[in-house]
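Notes follow the structure.
The values are calculated or read from the model by the stated rules, or taken from the named source; none is laboratory data. Everything numeric in this text was worked out from a predicted model, so none of it was measured. Here Cβ is always computed from backbone atoms with ideal geometry, including for glycine, and neighbour counts include all displayed protein chains. Heavy atoms of the whole protein, side chains included, go into the accessibility calculation; ligands, DNA and RNA do not. Shrake-Rupley method; radii C 1.70, N 1.55, O 1.52, S 1.80 Å.
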Amino acid sequence: IGLRVIMLTQSRTAFLTVLAFGFFVWLFSSHKVKLLLVVLVAAIAIWNFSPEQTRNRFLTLTKSFDVISAESDVMYLGNKELVSMSSRWVLLKHSMIIFFENPIFGVGIHNFVSVSGRRWDSWLPTHCLYTEALSEIGLVGTLSFAYVLLLMFRNFARSKSIMEGNNDKSFIYHLNMAVYIYLLVRLIVGVFGQDLYRMWWWIAGGYSVVILRIVQNKYLITKTNE
């Protein structure tokens, strides 16, 4: 269902998200060879059954280097797909300029659009999680956000280690891995979207704390009492 929706929306970000999801599922799988064969067969089938317009839009990703290396920001006005890529590259450069001018605290939450609009007459968000953080909350906020992410990953890794050490492959184990992979995929999707202030970071963080507490209560505290 998800793949069909992506074909209909023709979102290149969604295509890359599927690739990232497949990679992480393969990375954490204990049946890497079998899963790799399944993924390859599925990829070939999906590609052949995709509409031609969808394939052509996806193939514009091969022009990414041309867009980045272009001397002019408007050289692709005849191709709307490349215009989209070029405009995002311009936004990324603008957000980095704003960051270097305001490196400590940034220009404030949700203020990139107004600063960019007054300076370049471009009233669009950054379309990148990382430059959004740098330009709006500076190094102080970005490092704080990174620290929260680090704590989440540490919780997921500790839960995974404890459960595998006790040969526990129950529902809670798979839930832990699912949210773990979800968080990794979200960080990749963040390259193409401004989602710093979305609630899913805190939902994932809550899962990481609750799962770790459940696992510790089940194994570590029980063993200590014994």
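The numbered conditions (1) touching a helix residue (DSSP H, G or I) at 6+ places or on another chain (Cβ under 8 Å); (2) farther than 27 Å from residue 17 by Cα; (3) at pLDDT below 95; (4) open to solvent by 50 Å² or more (accessible area, probe 1.4 Å) are all true for residue 116 except (4). Pairing each residue of the stretch 1-17 that is more than 16 Å from residue 127 (Cβ to Cβ) with any residue that is among the hydroxyl-bearing types (Ser, Thr, Tyr) and crowded, with 17+ Cβ neighbours inside 10 Å, provided the two are 6+ apart or on different chains, yields C-beta distances under 7 Å for 7/50; 7/54; 10/54. For residue 171, the conditions (1) among the aromatic types (Phe, Trp, Tyr); (2) open to solvent by 10 Å² or more (accessible area, probe 1.4 Å); (3) touching a residue at least 40 places away in the same chain (Cβ under 8 Å) are fulfilled apart from (3). Annotation note: Cβ proximity below 9 Å between a residue of the stretch 109-135 that is on the phi > 0 side of the Ramachandran plot and a residue that is outside any helix (DSSP H, G or I) (sequence gap 6+ or interchain) occurs for 110/125; 110/197; 127/193; 127/194.
Close contacts from the stretch 92-108, counting a first residue that is over 12 Å from residue 141 (Cα atoms) and a second that is open to solvent by 70 Å² or more (accessible area, probe 1.4 Å) and assigned to a helix (DSSP H, G or I), with Cβ to Cβ under 8 Å and a gap of 6+ residues or different chains, come to 94/119; 94/120.
Out of the residues in the stretch 182-226 meeting the condition of being open to solvent by less than 20 Å² (accessible area, probe 1.4 Å) and touching a Phe, Trp or Tyr at 6+ places or on another chain (Cβ under 6 Å), tell me which one is farthest from residue 134 (Cα to Cα). Top of the filtered list is 208.
Is it the case that residue 114 is part of a helix (DSSP H, G or I) and farther than 14 Å from residue 197 by Cβ? So that I can check it myself, show each step before the final result.
Details: part of a helix (DSSP H, G or I): yes; farther than 14 Å from residue 197 by Cβ: yes.
Yes.
Among the residues making up the stretch 119-141, those that are over 23 Å from residue 86 (Cα atoms) and open to solvent by 30 Å² or more (accessible area, probe 1.4 Å) are 137, 139, 140.
Residue 169 falls short on exactly one of the conditions (1) assigned to a loop (DSSP other than H, G, I, E, B); (2) closer than 24 Å to residue 90 by Cα; (3) not acidic (Asp, Glu), and that condition is (2).
For the stretch 33-46, a residue qualifies if it is loosely packed, with under 12 Cβ neighbours inside 10 Å and within 23 Å of the chain's Cα centre (by Cα), and exactly one does: 40.
Which residues, taken from the stretch 118-166, are hydroxyl-bearing (Ser, Thr, Tyr) and either more than 22 Å from the chain's Cα centre (by Cα) or in a helix (DSSP H, G or I) (or both)?
122, 130, 131, 135, 142, 144, 147, 159, 161
When you go through 23, 65, 58, 15 one by one, which is the residue that is at pLDDT 80 or above and either among the aromatic types (Phe, Trp, Tyr) or not in a helix (DSSP H, G or I) (or both)? Explain how you work it out, then say what you get.
Values: 65 fails: at pLDDT 80 or above; 58 fails: at pLDDT 80 or above; 15 fails: at pLDDT 80 or above.
When all the criteria are applied, what remains is 23.
Taking residues in the stretch 187-201 that are on the phi < 0 side of the Ramachandran plot and without any contact (Cβ under 8 Å) to a residue 40 or more places away in the chain, and partners anywhere that are part of a helix (DSSP H, G or I) and surrounded by 15 or more Cβ atoms within 10 Å (Cβ to Cβ), the pairs with Cβ atoms closer than 9 Å and at least 6 places apart or on different chains are 198/186; 200/182; 200/183; 200/186.
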